[in-house]
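See below for the structure under consideration.
The values are calculated or read from the model by the stated rules, or taken from the named source; none is laboratory data. Bear in mind that the values here come from a model prediction, so they are computed numbers and not experimental data. Cβ placement follows ideal geometry from the backbone for every residue including glycine, while neighbour counts extend to all protein chains displayed.
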């Protein structure tokens with residue numbers, strides 16, 4: 001157990017924990033007087049969290065450079081302790097100032113209490129203000145090994161609720177509130193702490209009791225969210241069968257926090273994490289192709305481009321756990337690219353033969369890295385320009401019925 005996850009073994013760590021706990025209390029006190037934040041939380045349907053301090057203890061860091069610093073100095077903490085706890089920055093002049101200013105504050109906790117914070121820019125912040133600011137790495141806090149919401153939801157975790165991975169703290173809170181009065185078991189939402197999902201975080205998630213009932217990835221429907229879905233697939237599938245890995249189907253531009261703010265929002269969140277999910281591998285196929293089409297809008301407009309796309313997706317068939325799932329992925333590739341099923345079968349055969357040859361030569365024994373663009377998978381398609389030739393690419397058998405519609 002690391003220092004970030006165990007009671008302080010030396011006096012200095014104890015002081016850092018005490019300073020972080022005192023900061024959480026300071027931010028909580030200031031939230032009571034932040035009318036603008038109350039309006040924002042009411043609009044986002046998160047107002048229930050203002051009047052209850054447990055388990056989340058959200059707060060507000062007031063504007064100004066030294067409000068927290070001066071408060072904690074008065075409480076007996078030294079400048080070095082505040083800097084070491086990640087609560088204050090040290091200027092090159094030697095003076096220190098608050099890390100978090102004019103932000104909605106979300107404590108990040110381990111089983112012993114707060115160890116760090118994520119601060120969301122206040123709703124009136126300017127366009128140049130970073131949306132989120134996170135505590136830097138400290139002796140208490142390693143963001144790669146922690147998940148927001150894990151410590152606060154031990155009751156639901158112990159009951160074996162299945163897991164959802166979401167992008168940020170407001171998404172976690174939206175999911176938590178959506179099941180607060182649902183009358184039955186629901187989903188435990190967790191979020192990486194200011195980073196993409198890491199291997200250590202994936203290991204934690206897969207060891208939770210509810211992971212045996214399923215893990216759902218519910219990231220935003222944008223480029224960053226698509227990348228997060230793909231990374232989650234690789235990290236989770238290394239430890240978990242694909243039948244237990246799902247993806248939420250979210251409206252474009254929406255996330256669980258945005259759904260909660262809509263009419264009947266709690267029911268919409270529950271539906272997105274329940275009945276409206278689909279296999280995670282299916283989402284990976286769609287997201288890879290969507291990324292290519294966004295970059296090359298004419299990709300699917302002729303046979304070369306469609307074959308390029310199909311070849312670039314074939315490796316995902318080989319990531320399936322069984323033949324039934326592989327066939328499902330094949331049908332999805334046919335449906336999305338318009339390439340005839342016989343061409344998909346031939347591309348899959350070529351892929352299998354190439355893998356076997358590579359293994360015999362002492363090379364790769366597993367799946368190849370995913371192509372970043374169709375040109376890597378199909379050389380006839382040149383990255384950066386629309387596919388021009390309309391004749392079947394050399395070496396690819398295209399039946400008369402192709403393209404399939």
Query raised in the report: Has region 1-24 got any residue that is buried (at least 16 other Cβ atoms within 10 Å of the Cβ), farther than 16 Å from residue 140 by Cβ and not assigned by TED's automatic domain parsing to the domain that holds residue 264?
Result: no
Requested in this report: For residue 144, work out the one condition from (1) touching a helix residue (DSSP H, G or I) at 6+ places or on another chain (Cβ under 6 Å); (2) under 16 Å from residue 260 (Cβ atoms); (3) assigned to a helix (DSSP H, G or I) it doesn't fulfil.
Outcome: (2)
Query raised in the report: Hey, among the residues in region 234-259 that are touching a residue at least 60 places away in the same chain (Cβ under 8 Å) and in a helix (DSSP H, G or I), which one's nearest to the chain's Cα centre (by Cα)?
Result: 256
Query raised in the report: Does residue 278 qualify as being in contact with a strand residue (DSSP E or B) (Cβ under 8 Å, 6 or more places away or on another chain) and closer than 21 Å to residue 250 by Cα?
Result: yes
Requested in this report: Can you give me the ranges of the helices (runs of 4 or more DSSP H) entirely in region 271-338 with at least 2 residues that are in contact with a helix residue (DSSP H, G or I) (Cβ under 6 Å, 6 or more places away or on another chain) and within 16 Å of residue 246 (Cβ to Cβ)?
Outcome: 280-295, 323-337
Report task. Check 233, 176 and return the single one that is over 25 Å from residue 57 (Cβ atoms) and surrounded by 16 or more Cβ atoms within 10 Å (Cβ to Cβ). Result -> 233
Query raised in the report: Taking residue 238, is it farther than 18 Å from residue 149 by Cβ, modelled with pLDDT of 95 or more and touching a strand residue (DSSP E or B) at 6+ places or on another chain (Cβ under 6 Å)?
Result: no
Requested in this report: Answer yes or no as to whether residue 109 is crowded, with 20+ Cβ neighbours inside 10 Å and either in the same structural domain as residue 61 (by TED's automatic domain parsing) or not in a loop (DSSP other than H, G, I, E, B) (or both).
Outcome: yes
